[in-house]
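I have placed the structure first, in the form of structure tokens, so that the comments after it can refer back to it.
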Amino acid sequence: MATIKEVAKLAGVGTSTVTRYFKEGSYISEEAKEKIKKACEELNYFPNAIARAMKSNKSYTIGLMIPTITNPFFTELVETIEQNFMKAGYKTVLCNTNGNIELEKNYLKMAISSCFDGIIFITGSSKFEDLESNIPTLTLDRKSSKPNSNITIISDHRQGAVIGSKHLIDCGCNKILYLSGGDNIPSKERQAAFEEVMKEYGIVYEVKEWDIITEDEKEGLLKKGFDGVFAWNDITAIELLNYLYKKNKKVPEEIQILGFDNIKMSEWVHPKLTTVSQPVRRLGEEAFRCMIGLIEQKISPPFEIILENTLVIRETTKGFHDNKKE
């Protein structure tokens, strides 16, 4: 295993310069940085993480607490966050909780005992804010119920649900089904906004949780003659598309479908899914920026960052076909 002296010799600099290279906030010329970087790569040298933590009183580790890794939305969000922290010299630890508050508590204990520098909550539990810690934390993609004490970074779930709901109405839907995610926090926010729009426009609607309804209940919903469906996320919308295909129901001719998130898969399915697009890259970048600010004590709670969503019109609503005709 290479040593810091060997790195310094190959780079043609002093060992103190190499030490400064790995120490956050220390000045070093760009020329020296490049030489040291190349020497480290050639020698496959990595600084001792434990020694580094002891010197700086930092572990250079961030915890990412998410409800599930199976949803591609979180995969893309985590990838963005991880890449940004990696460039800044931090490693990330993924904590997949499935919305279980006990798992969240255990992960938080692990983060504290392992001296994590911070933890980002992207959680499925409505009780996550009852957790207490002595390390920097922020809430991502979930609206805080304690806005006076937390840092929250979200896309505007209400705004997204409003533009999605109005799009279905503009496309001629007059009986719309909302497929919810149960107690999932964003799903409830989107559902509330959906219901407001339906009542405002006098549209007949119903709310069902797709994951728990039986096959007989699904058959019953088809017989009710819904001409539009707002699925709380793209995964649910794609599951519905697959179900309707098996039932020989034409989309969008008979039923129009709208999702939420704009995961990559939404453009791969047939027909391509119309969806409300969350600014996933910006969410991840803002989470990184704010967490670094917390760690370096350059910012402090409370504050909230709210990003707007956009509508992506594809083939599962008639708006796409109308636009093509024009």
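The values are calculated or read from the model by the stated rules, or taken from the named source; none is laboratory data. Predicted model only: the values in this text are computed from it and were never measured. Note that we place each Cβ from the backbone using ideal geometry, even for glycine, and neighbour counts take in every protein chain shown. Protein only, heavy atoms only, side chains kept; ligands, DNA and RNA dropped before computing areas. Shrake-Rupley method; radii C 1.70, N 1.55, O 1.52, S 1.80 Å.
Some points to look at:
- Where only C-alpha atoms are counted, convex hull volume of the chain per residue in Å³: 171
- Whole-percent carbon and sulfur share, accessible surface of the chain, 1.4 Å: 50
- Sorted on the mean count of surrounding Cβ atoms within 10 Å across their residues, most packed first, peptides 185-196, 67-78 read 185-196, 67-78.
- Contour excess over end-to-end distance, with Cα ends at C115 and Y27 and 0.36 nm allotted per residue: 29.0 nm
- Over region 191-326, relative contact order from alpha-carbon pairs under 8 Å, at least 6 apart, %: 21
- Full-extension gain in nm, K91 to Y201, via 0.36 nm per residue minus C-alpha separation: 34.7 nm
- Convex hull per residue volume in Å³, alpha carbons only, for region 157-235: 82
- The chain: angle of helix 280-295 to the longest principal axis, Cα-based, in degrees nearest 10: 40
- Once you divide the Cα radius of gyration of region 242-295 by 2.2 N^0.38 Å, the number left is 1.71.
- Mean ellipticity per residue at 222 nm, deg cm²/dmol - from DSSP H runs of n ≥ 4 across the chain, formula -39500 (n - 2.57): -13500 deg cm²/dmol
- What the chain shows is 52 Å² of accessible area per residue, with the surface traced by a 1.4 Å probe over protein heavy atoms.
- Principal-axis analysis of the Cα atoms of the chain puts helix 157-170 at an angle of about 30° to the longest axis.
- Cross-link pairs K208/K247; K143/K218; K208/K246 - those with Cα-Cα distance over 26 Å: K143/K218
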